[in-house]
Amino acid sequence: MNKLLYIAHTEADGTISDNSLEALAAAVKIKQDLKLSLSVGVIGSGAVEAANSISNCGADDFYTVSGAAFTVSRYATDAAAVEAMVKKTEPDIVLGFGTVRFMRSVPGAAFRCGGRIDTHISGISTEDELLVKRWYYRQRMEATLKREQRPWFLLLDKGVFEPFQGEKAEENADGLDIEVSDDMQDTAVSGLEMPEGGSQTIKPDAELLFVAGAGWTKKQADGQPDLKEAENIILQTLERSKASLGSSKSLVDLNAEGEQVLKFMSHLNQVGQTGATPRHDKGLATCCHGEEPHVVGWRFIKERRAVNTDANCGWAQGKTDVLYIADAFAVMRKLNELLAT
Ligand SMILES: Cc1cc2nc3c(=O)[nH]c(=O)nc-3n(C[C@H](O)[C@H](O)[C@H](O)COP(=O)(O)OP(=O)(O)OC[C@H]3O[C@@H](n4cnc5c(N)ncnc54)[C@H](O)[C@@H]3O)c2cc1C
């Protein structure tokens, strides 16, 4: 094994995202530890400038694919661009970040190149040979894998490496010309629409995870539950903070039991042992007891805070950096006021 190809696509502003720069940091480590040659391939609008911006990464050569057809995320054109880069550089390993765009197109490119692909890579080891890690069974088992088949395509998950600090060192990107047939453009991309906030609530790229627990539906100090108010507060928080919404199991289970619940919650929001294990820089748990089967889903949340009226709740057992003993309704109302300014 002696050749590695790092692939990235540009974002709408023509830059390479921090997530893709994490994958570049992985590529540089593999190159250095296993003494491989590194090629870089960048696709999309502004690809030449973007390739120049990481030209200090130690790659031997840089290739770009740009032009109107490659500005948008589309299977046919993206797969053709990756295939062309692989055929040009003949790598043993092809490595990139698992963006939506690459998760859709790179498996097809791997097939066309006679390779194999592994996605959701959560770690690498480079002691004597390249081994990669990924989770199975909802992140309960971590496997370490190697493959004989080449080229071996790898798409990384977020949070495995610090983003590579790119700098412009030289300008030597080679543009690859790819013939774009009408067939390849059968799918016309008219634009992207994504919710900025509000009730479309699961946002893997958000900085903050906001978790709501069953306490939001329970009787409060006045002896009554106040579901409407709970919904208003939570939706306003999501709208203003752009946080991703997580839930405890108890809260989403209430839904299945036909009880009055928060309308926008579903099992997809559930965090924990039998739910998701999201990755965010910060997390705030509200009205949630912090029991182990829930908190185990927080293992990739770097900075944790919780608000609970009970000083003996699970979060107090060393599971959070800061626990506020307070009424979450009052705290979140105040926070929403501050977020509005
Ligand atoms: C096999 C198994 C798997 C499980 N998997 C999961 C899982 O994946 N995810 C998960 O979440 N759970 C899971 N559970 C359930 C878990 O053990 C807990 O029962 C659940 O997390 C409790 O949810 P909760 O904290 O929202 O509710 P509760 O335990 O009812 O806690 C509500 C909290 O809200 C607080 N509160 C009430 N009003 C306010 C207020 N005004 N301000 C502030 N705080 C307030 C209360 O003090 C209380 O601590 C699992 C359990 C088992 C047995």
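Throughout, read-outs are computed from the coordinates displayed, never taken from laboratory work. The shown structure was predicted, so the numbers you read here are calculated from the model rather than taken from an experiment. When we count neighbours, we look across all protein chains shown, and the Cβ atoms used for this are built from the backbone with ideal geometry, even at glycine.
The table below gives the values:
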read-out: Shape of region 208-340, Cα gyration tensor, a/c cut at 1.5; value: rounded
read-out: Count of Lys pairs (Cα-Cα under 17 Å; at least 8 positions apart or interchain) in region 1-129; value: 5
read-out: Whole-number percent relative contact order across region 101-152, with pairs defined as alpha carbons under 8 Å at least 6 apart; value: 33
read-out: Among beta bridges that DSSP assigns inside the chain, antiparallel share in %, nearest 5; value: 15
read-out: Estimated FRET transfer efficiency (Glu229, Ala311; beta-carbon r; R0 25 Å; 0.05); value: 0.55
read-out: Options Leu21, Leu156, Leu192, ranked by Cα towards positive dipole end of the chain, top entry (Cβ charges); value: Leu156
read-out: In nm, spacing of pseudo-spin labels at Met184 and Ala12 (7 Å Cα→C-beta vector); value: 2.5
read-out: Sorted by Cβ density within 10 Å, fewest first, the residues Glu207, Glu179; value: Glu179, Glu207
read-out: Rounded to whole Hz, the Karplus (6.51, -1.76, 1.60) HN-Hα couplings of region 274-279, x for glycine and proline; value: 10, x, 8, 10, x, 10
read-out: Relative contact order (%) - region 3-185, alpha-carbon pairs under 8 angstrom, separation at least six; value: 30
read-out: Gaussian network model of the chain, Cα within-10 Å springs - most flexible of Asp222, Asp174, Asp128; value: Asp222
read-out: Shape of region 73-123, Cα gyration tensor, a/c cut at 1.5; value: oblate
read-out: Relative contact order, percent, the chain [alpha-carbon distance under 8 Å, six or more residues apart]; value: 14
read-out: Within region 116-157, chymotrypsin sites (Phe, Trp or Tyr not before Pro) in DSSP loop having at most 11 other beta-carbon neighbours inside 10 Å; value: Tyr137
read-out: Separation between Cα centres of region 144-175 and region 316-334, rounded to whole Å; value: 40
read-out: Three-way shape label, region 1-82, alpha-carbon gyration tensor, a/c 1.5; value: prolate
read-out: Cut-off under 5 Å, modelled amide H: who pairs with Tyr6 long-range; value: Ser39, Val40, Gly41, Leu95
read-out: For the chain, with +1 on Lys and Arg beta carbons and -1 on Asp and Glu, the positive-most of Ile124, Gln224, Ala243 along the dipole; value: Gln224
read-out: Rounded to the nearest 20 debye, dipole of region 208-340 from Cβ charges on Lys, Arg, Asp, Glu; value: 440
read-out: Test item: Cα-centred dipole of the chain, Lys/Arg +1 and Asp/Glu -1 on Cβ, debye; value: 980
read-out: Mean shadow area of the chain, taken as a quarter of the surface of its Cα convex hull (nm²); value: 19.7
read-out: Calculated from backbone phi, Karplus (6.51, -1.76, 1.60) coupling profile of region 24-35 in Hz, x at Gly/Pro; value: 5, 4, 5, 4, 5, 5, 4, 4, 5, 5, 9, 6
read-out: GNM flexibility winner over the chain from Lys242, Lys133, Lys219 (Cα, springs under 10 Å); value: Lys219
